[in-house]
Amino acid sequence: MSERKKVRSTTSSTSSDDFILSRVHNPHLRHILTPTSLRHLAREWLREDTPGFDYAGFVVGEKEETAVLLMKEAGVFAGCPFVDAIFRELECSVEWHIEEGDYVEPIKTIATITGKIRHLLLGERVALNCITRASGIATAARRMADIAKTSGWKGEVAGTRKTTPGFRLVEKYALLVGGVSTHRYDLSSMIMLKDNHIWTAGSIKQAVKDARVVGGFSTKIEVECRSLEEAVEAAEAGCEIVMLDNFSPESVGKVAKELKSQFPPLIVEVSGGITEENLARYCIENVDVISLGKLTQGYKTIDLSMKIKKTGKDPTNPTVNL
């Protein structure tokens with residue numbers, strides 16, 4: 001099987017969408033994904049979709065064919081490493097015609113895939129299920145990143161741990177492709193003390209003290225706070241990050257300013273009730289991070305399809321003869 005071919009993007013980085021200001025492209029972003037993780041996901045997805053006989057595969061056989069991946073809806077494309085891993089398991093080769101992170105206008109051929117026809121069709125729905133969702137997240141993330149950028153704010157927009165079970169790696173990766181932070185990846189990435197932890201421990205001070213015993217010097221502690229008083233208690237207890245939860249933009253500005261005046265190194269995060277419509281109002285001085293669960297919960301998928309190329313036909317419009 002041939003290695004993934006590197007091709008120059010032919011996609012414009014601009015769009016009619018006012019929010020999409022620029023392309024965020026890092027060709028080495030895929031390097032955070034381990035080969036073993038990609039292989040495991042691809043095999044599990046393929047096994048889930050075809051746990052027994054491939055009846056339709058009997059119909060088409062093993063003649064070598066070529067298929068094209070089509071972007072049918074405008075958006076930021078994400079998911080190249082996962083598509084590569086899926087078709088690598090099926091001994092098919094993938095040639096990309098865009099760069100991951102490009103904003104693509106429809107209808108655009110974004111990749112060509114070659115292999116045995118039944119193998120192409122085995123990977124079709126699995127790959128599409130992955131990239132329609134990854135591209136949806138990346139597109140939503142890009143809009144949020146651009147809102148923050150146009151406001152002149154210097155902080156970070158971030159996702160949260162509100163991800164789909166079994167699909168977190170893809171969703172977190174898509175956030176990065178879209179240009180925002182992943183926040184913590186899992187419970188082991190950072191210690192976050194929320195209301196239930198604090199109520200059980202008895203106080204913010206005690207919760208932070210206990211967390212430091214196991215987290216040591218190498219793990220940051222974040223505390224969810226509902227008032228200035230709670231945030232001050234958390235900072236005095238030694239946490240590195242306070243999350244101001246469900247604050248209005250006006251109250252956030254006052255509380256964040258006071259916290260920074262007392263604790264300059266403190267990282268101030270804002271979360272709760274933040275949407276694309278009100279994000280700009282939270283992009284204010286003294287706020288370092290704005291986190292949104294909606295980036296991996298309420299996103300709209302991007303429509304893509306895969307078509308087997310037919311001699312003399314345009315895959316973007318099968319009714320047109322070439």
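The values are calculated or read from the model by the stated rules, or taken from the named source; none is laboratory data. Here the structure is a predicted model, which means the values were calculated and not measured. Cβ coordinates were reconstructed from backbone atoms using ideal geometry, including for glycine residues, and neighbour counts include every protein chain displayed. Surface accessibility is based on the protein's heavy atoms, side chains included, excluding ligands, DNA and RNA. Shrake-Rupley method; radii C 1.70, N 1.55, O 1.52, S 1.80 Å.
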Relative contact order as a percentage, the chain, C-alpha pairs under 8 Å and 6+ apart, gives 20 percent
The distance between the Cα centres of segment 131-174 and segment 233-301, in whole Å, is 17 Å
In segment 23-78, the chymotrypsin sites (Phe, Trp or Tyr not before Pro) that sit in a DSSP loop and have at most 15 other Cβ atoms within 10 Å of their own Cβ are 53
Result for the chain: accessible area per residue, probe 1.4 angstrom, in square angstrom, of 50 Å²
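Computing the accessible area with a 1.4 Å probe over protein heavy atoms, can you report the carbon and sulfur percentage for segment 163-322?
Looking at segment 163-322 in its full context, I get 53 percent from C and S.
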Computed from the beta carbon distance with a Förster radius of 51 Å, FRET efficiency for residue 60 and residue 200 to the nearest 0.05 stands at 0.30
Fraction of alpha-carbon pairs in the chain farther than 30 Å apart, rounded to whole percent, equals 43 percent
For segment 199-322 the mean separation of alpha carbon contacts under 8 Å (6+ apart) over residue count, i.e. relative contact order in percent, is 16 percent
Summing -39500 (n - 2.57) over every DSSP H run of at least 4 residues in the chain and dividing by its residue count gives a helix-only mean residue ellipticity at 222 nm, to the nearest 500 deg cm²/dmol, of -12000 deg cm²/dmol
Ordering 232, 268 by the accessible surface of their heavy atoms, 1.4 Å probe, largest first, yields 232, 268
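Charges at C-beta only: +1 for Lys and Arg, -1 for Asp and Glu. How large is the resulting dipole of segment 71-214 about its Cα centre, in Debye rounded to 20? Let's see the in-between values first.
On the way: 20 positive and 16 negative charges, 132 e Å.
Dipole magnitude for segment 71-214 comes out near 640 debye.
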Computed over segment 172-263, the relative contact order (Cα-Cα under 8 Å, seq sep at least six) in percent reads 22 percent
With Cα springs under 10 Å, the Gaussian network model of the chain assigns the largest mean-square fluctuation among 293, 61, 273 to 61
Expressed in square angstrom to the nearest 10, the accessible area of residue 30 with a 1.4 Å probe stands at 60 Å²
